[in-house]
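Heads up, the thing below is written out as structure tokens.
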Amino acid sequence: MTVLKMLLKVELKAELKAAVCGLACMAGLGMAHVSFAAEPPKAPAPPPQSVGLEVITTGKGYGSVSSSPSGISCYVPRPNVNYLIAPDCSEVYATPQSITLTARTDSDSTFMGWEGACSGLAKICTVTVSPLALTTVRARYMGTLDLGDCLFDWLETNFPAHVAPRGTRTVSAATYHFRYYPATDSYLGLSTADGHVYFLPAHGQLLDLGDASGAGLAAACK
């Protein structure tokens, strides 16, 4: 073998080795120096904000609360009644927003107002749910007959000259719960049609004493 062939053979072997090993072999032979900078770890994406709304029903009456946008469908279940869908009284929202709540009453009950994030006697309330917080609203209901008895007792105590004797029986007829007071020949009534309390004095004009819910709060009816 000639010297030229030997040189060619050595060069070809070196080129083949470099092609097979790549940069790692070349670096080992001192033919190349390559370094790779490690990429910094990426920060995890922040979790989406979640905000919660909870409705609690209180009192001894029956009614429901719904929301817009939808999500809340809460009601007071009656004993010994089987419901197809359980009350849904809480909801988680992806972003802070305004929620409108609407209270409704069963025919034998009266809405006694909101507590918590809502307040007042209006049956519609708008509440703003805040980021990463639980917003609680309470809706109170009372049986209309129980409310009438409470109001009549309170009025008898505070206005004995107009409604006497105390403790007469409450009667329900048509759209009224009422009491008749023979000593004063007068009536107290609670209308289930408009939720107002009325007083009829002897040979007088029917007087509207106002909303029974507000009067019930003043009389501490529960």
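The values are calculated or read from the model by the stated rules, or taken from the named source; none is laboratory data. As the structure is a computational prediction, the values presented were derived from the model and not from experiment. FYI the Cβ positions are ideal-geometry reconstructions off the backbone, even for glycines, and counts take in every protein chain you see.
Listed here are the residues, each with its yes/no results for (1) at pLDDT 95 or above; (2) surrounded by 15 or more Cβ atoms within 10 Å (Cβ to Cβ); (3) within 17 Å of the chain's Cα centre (by Cα).
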{"site": "122", "(1), (2), (3)": "yes, no, yes"}
{"site": "125", "(1), (2), (3)": "yes, yes, yes"}
{"site": "132", "(1), (2), (3)": "no, no, yes"}
{"site": "136", "(1), (2), (3)": "yes, yes, yes"}
{"site": "150", "(1), (2), (3)": "yes, yes, no"}
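For the range 168-193, which residues satisfy the criterion of being exposed (fewer than 11 other Cβ atoms within 10 Å of the Cβ) and out of contact with any Ser or Thr (no Cβ under 7 Å at 6 or more places or on another chain)?
If the condition is that a residue be exposed (fewer than 11 other Cβ atoms within 10 Å of the Cβ) and out of contact with any Ser or Thr (no Cβ under 7 Å at 6 or more places or on another chain), then 169, 173, 174, 182 are the ones that fit.
What do you reckon, is residue 103 within 19 Å of residue 142 (Cα to Cα) and without any contact (Cβ under 8 Å) to a residue 12 or more places away in the chain?
Taking the combined requirement at face value, the residue does not satisfy it.
Go through the range 170-222 and give me each residue that's outside any loop (DSSP other than H, G, I, E, B) and charged (D, E, K, R).
179, 208, 211
Take residue 157 and decide whether it is among the β-branched types (Val, Ile, Thr) and either over 25 Å from residue 212 (Cα atoms) or in contact (Cβ under 8 Å) with a residue 60 or more places away in the chain (or both).
Criteria not met by residue 157.
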